[in-house]
1. How many of the residues making up region 634-655 are modelled with pLDDT under 90 and among the small types (G, A, S)?
2. With the condition kept exactly as written, say whether any residue in region 312-326 is within 16 Å of the ligand (Cβ to nearest atom) and touching a helix residue (DSSP H, G or I) at 6+ places or on another chain (Cβ under 7 Å).
3. Being more than 18 Å from Q480 (Cβ to Cβ), more than 16 Å from the ligand (Cβ to nearest atom), among the hydrophobic types (A, V, I, L, M, F, W, C) and under 35 Å from the mean Cα position of the chain (by Cα): is that true of W268 here?
4. Suppose we filter region 36-92 for residues that are over 28 Å from G131 (Cβ atoms) and of a type in the set (V, I, T); how many remain?
5. How about region 692-722: which of its residues are surrounded by 14 or more Cβ atoms within 10 Å (Cβ to Cβ) and over 25 Å from P871 (Cα atoms)?
6. Determine whether region 569-577 contains at least one residue that is under 18 Å from R536 (Cβ atoms), more than 14 Å from the chain's Cα centre (by Cα), among the hydroxyl-bearing types (S, T, Y) and modelled with pLDDT of 95 or more.
7. Have a look at V913, V919, V862 and point out the one that is buried (at least 20 other Cβ atoms within 10 Å of the Cβ) and farther than 30 Å from G702 by Cα.
8. Take the residues in region 875-918 that are more than 28 Å from the chain's Cα centre (by Cα) and of a type in the set (G, A, S), then tell me which one is nearest to V764 (Cα to Cα).
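The values are calculated or read from the model by the stated rules, or taken from the named source; none is laboratory data. Note that the structure is a prediction, hence the values are computed from the model and not measured. When we count neighbours, we look across all protein chains shown, and the Cβ atoms used for this are built from the backbone with ideal geometry, even at glycine.
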Amino acid sequence: MRFDEKTRFEGRICRFVEEMITPALYPERMQLAVAVWRVPDEPVPFAEARAAEYAPFTLGSPWGVAWSTEWFHLTGEVPTEWRDRDLEVVIDLGFHKWLDGGQAEGLAYRPDGSIIKAIEPYNRYLKVEPGTEQIDIYLEGASNPDVAVDQNTWRESPYTSKEHRPHTPVYVFRSCDLAVRDHEVAAFASDIDVLWQLAQVLPETSPRRASIIAALARAIDVTAPEDVPGTVMAGRAALADVLASPANASSHTLVATGHAHIDSAWLWPVRETIRKCARTWSNVLELLKENQDLTFSASSAQQYQWMKDHYPQVWERLKEAVAEGRFIPVGGMWVESDTNMPGSEAMARQFVAGQRFFREELGVHCNEVWLPDSFGYSGALPQIARGAGTQWFLTQKLSWNETNTMPHHSFNWEGIDGSRIFTHFPPVDSYVSGLSAADLDKAERQYSEAGHGTQSLIPFGYGDGGGGPTREMVARAERQADLEGSPRVKLGRPADFFAEARAELHSPSTWTGEMYLETHRGTYTSQVKTKQGNRRSEHALHAAELWAATAAVREDVGYPYEQLESLWHTVLLLQFHDILPGSSIAWVHREAEAEYERVLGGCAEIVDVAVQRLVGQGKLALVANATPVALNGAAPMAITRAAAADAAPTTVTSEAGRTVLDNGLLRVVIDSRGLITSLLDLVADRELIAGGEGALLFQVHGDRPTMYEAWDIDAAYRRQVEDLCQADSIEPIDAESVRVTHTYRSSTIDATVALRPATRAVDVTVDVDWQEARRLLKLAIPVDVKSDLAASETQFGHVMRPTYVNTTWDEARYETVAHRWVLVDEAGYGIAVINDSTYGYDIRRTWADDDSAPATTIRASVIHGPKFPDPDCDMGEHTMRYRIVAGASFDDAVREAWEMNLPNTPVTGGREVSPLIEVTGNGCVVQTVKLAEDRSGDVVVRLYESNGGRTAATVRAAFDHTGVMATNLLEEANGDQIDVADDGLVHIEMRPFQIVTLRFTREGGQVTHTARSRALDS
Ligand SMILES: [Zn+2]
């Protein structure tokens, strides 16, 4: 290479592209006339916008108060001499370079209301039909603000809700032109783009790099500055040879499918996601028409449902593209949910609802789980995913790990029950690739299975807020299909990739247990009201389904299929990976709180109708126990007479600064600091509080994550801690409880400690009024148990994690997720902590100052309090409950978790109601009783083994049925044999953490909609 090429080339090619090629893409332009109508508030349908009165608008003027909508009417006469040329309308709404999906967007319509396509930051054109004489376009401009203000700083934002936004426009409508497109110049631009990018990733000493640069230099030489269109063919010819040189025989292959990650809510509200789907998918449908090899993969049945409901045009076109196999539903879930926190049934229902929608509406069954962005993956997922009929699993999020690198890209993932699913992490470490040479190079270099496998998947297209693939990206794919120095890019389908990738790996490695994400540890705690809404709603739905099914079978009451489906869909949407984790703007979370209220109201209505019909008229004092466990004398899933309490009462005494609660089974001592210094198990004759320690210790940590406040708890948080060891007051409340009050800066924390008669459990109700920014409140319970592993409830079982820190993997797991309970034990003696609201914990080996025997400290994360992206996150009053259970087994933990989260409810009526389903078998838990999704009236019962052991269970269905079969989660027979005895008793052998779904068929079980409506009206 000549000296001048080597040293000056970068500047030369950049200037060539900027000054000669880019302007020549549109050699002729004509400004269009623009008029505007500002929508008074929320978005309106096209017809309303079309009928509105428009005012003249001067291009170059500001528009768009944050979150507002402005309709632009674009008009102009097409010059006669242009009418047979390739014309486009090219629009710049004032785009900036940050967050392609988190800024202004527009959707363009013809005057008849048909959608043309969208205008996006990196997709700014509308094609003009040949022969058009008059441009007449309506553009719905969505002024979505850059919430991560000041270009990606992720600091406190003024745009987090509509109420508090500044009322000044945030965009300038820069330009709107009718322009002639030179496709040959565009192709030349793509040639240069691909070759120059490739040259930059090749080694400096590479002959291939030298030949590419030489060819690019020749292309520049032969392109005349004053006549780019006239010399472009010569320029392209200069590059033909280097573009035609084929890939190395052993180069990696990337299977590329178009994609647009569209967060169902995040830095925008749910209503904007609906418009985002319409915009992105309209563009994709256009692009698919132009490129026959391109496919597009999109997850989330909810987003398809939105198109069906709100954008029937997009829906109809989309259905055609799905039928052609070009637009590919993936994932089989209702949304790309979080998987750490959704409860057992909800995690299953993400798939049940998703697969059902795709099958019924589009005739498609998804074979893969598609969760590129969720924040860690529970160990229960492999079994749930397989049970929902999927064979493959995709994510890339673990590339975000801060400490450790996952060892595989294509491997088997084994869950807590031993189920395995073939899993792929695209080694490009991205779900928003633009197919740049740097991305392809990274994927090839990082691919862990090199030598055994040859291919990886690359989803490409702008994302997070949508956008999707562009014609420039497709041009890159075409040129990199077989190009020397580059991995091969093959446009293809995820299903083809997975099948081939699995087939070519002789013996894939296995990763066992949860896939913990070593970042975003704050998401188990942020937005406590959203978390509580989820927890309450999951349990309310459990009760609603149980009682509605019982009433349908016993009393022929119509089963509220539609209401339950709608309520479930709401809860499933809110489990989206930026809503339940608490990482959305204020708007999203306030809306979520209101939605949860609606869900709870809906469930209460269903329960009320069902239970009233079941118990009939009368004056008996009854209790309804909707849980699968016996509670306070009430049989599981039954309504029985209220049992009279007959136990030794608790005593509360105060003396010499010590307050003592005693119920004959436990004795609790609270000292003058407000700490539980002794918790004596009088049955086991054992002290449970580690020597010298105090339980019920509130600790406040400084918590200023470097980057993502709502998401993260950085490791440094542990170095700043204040212990609250000076209670304002300690006062008995009644015969069995004591209130300890703390003040911390502007906040108050009341902990009510209660010891109910006849229990080996201490209840702690925390009432907090939190006013602190960026401080993490923890509740510490150090217990005198040397437990190497701590159990935390996850879906359909529990996960065991080390309490010690041997490796960097242990160290990085400094904040973990648990559902309703955690348990630590040493041979035969366990202590469980149950909760009704929270999910974040750290459970670690600890030592007293005197270095005496080790203990285990369970710390619940109570409040997080980040300021971005919701400055009001976690502020104000909250109540959460905890229960410390002495001498607890897994069975006890499960029972107490149900009791705390779904307590018995008093009912007045004329008769008791026996359970529909009776189950025996140690550890066998009934998760759900419902009627079948297909509305046949069949009864579906979902059970699981909860201890991690083997159990021989029996199930008695106390109702008329014609048969029983084992099914997958989708309620289809799975071929497992069921052993039914002569007396109808079903015998099942259950493996550790196995989920079993039984379907009891019923004759004439079909319930009409009319019957349902009548039941609810009555
Ligand atoms: Zn996402």
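1. Residues flagged as modelled with pLDDT under 90 and among the small types (G, A, S) within region 634-655 amount to 6.
2. no
3. Taking the combined requirement at face value, the residue does not satisfy it.
4. 6
5. E693, G694, A695, L696, L697
6. No: region 569-577 contains no residue that is under 18 Å from R536 (Cβ atoms), more than 14 Å from the chain's Cα centre (by Cα), among the hydroxyl-bearing types (S, T, Y) and modelled with pLDDT of 95 or more.
7. V913
8. Restricting to residues being more than 28 Å from the chain's Cα centre (by Cα) and of a type in the set (G, A, S), the top hit is A886.
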